[in-house]
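What follows is calculated from the coordinates using simple rules that are stated; it is not laboratory data. It should be emphasised that the depicted structure is a prediction, and the values quoted were computed from it without experimental measurement. Every residue, glycine as well, gets a Cβ built from its backbone with ideal geometry; the counts of neighbours run over all protein chains shown.
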Amino acid sequence: SAPGGARADARANGARSATPGGARPWRLARDAPARIDRLPDGMLVLLTLLACDPGAQATSACRDRRDALDTLYSRYGGSDVVVAAKEGILGGPIGGVDRAQFEKKCVELGRGGTPGFSAKKAKEFFAEPATRTACERVVDLENKVAALNRELPADAQVTCP
């Protein structure tokens with residue numbers, strides 16, 4: 001075997017590269033990790049634009065905030081109230097008010113406050129360290145959206161639902 005492995009052997013036996021000048025077309029080997037320096041130029045431009053676009057970043061942060069609140073609300077068991085409300089067991093407005101109050105209490109807790117709770121279940125849930133950490137993340141995401149919105153014109157600002 002020639003120094004340089006199988007490729008050197010193939011070249012020594014007269015094999016030519018598939019592309020002019022010996023350059024390899026862009027592809028990822030199955031076992032090779034993706035490397036940013038091997039991406040096509042067009043993809044690099046697109047990734048750069050998306051990474052730098054405050055509107056896209058704010059939209060992503062809103063989505064992450066919503067996902068975090070959905071996960072917390074599901075852990076709390078509030079989604080059961082919403083399902084019951086949608087099925088007409090409790091009536092429509094109860095589920096919505098429950099979710100709105102839940103989010104309000106979470107944001108208050110995430111900002112370092114001590115929200116008051118009348119239900120034992122809520123007191124216990126919001127006393128958990130994991131809940132406090134998740135609520136702090138929700139507030140961090142809200143702050144991120146606000147900071148990104150300051151970079152955008154008024155008509156392009158993102159509002160989280």
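The table that follows gives values for the structure above.
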| quantity | calculated |
| --- | --- |
| 3J(HN,Hα) from dihedral phi, segment 151-161, Karplus parametrisation 6.51/-1.76/1.60, rounded to Hz, x for glycine, proline | 8, 9, x, 3, 7, 10, 5, 9, 10, 6, x |
| Label point distance in nm, ARG63-ALA147, each placed 7 Å from Cα along Cα→Cβ | 2.1 |
| In order through segment 125-132: 3J(HN,Hα) via Karplus (6.51 cos²θ - 1.76 cosθ + 1.60), integer Hz, x for Gly, Pro | 5, 6, 7, 5, x, 5, 5, 4 |
| Integer Hz, Karplus 6.51/-1.76/1.60 couplings in order for segment 100-105, x for Gly and Pro | 4, 5, 4, 5, 4, 5 |
| Approximate spin-label separation ALA156-LYS120, in nm, with each point projected 7 Å along Cα-to-Cβ | 5.4 |
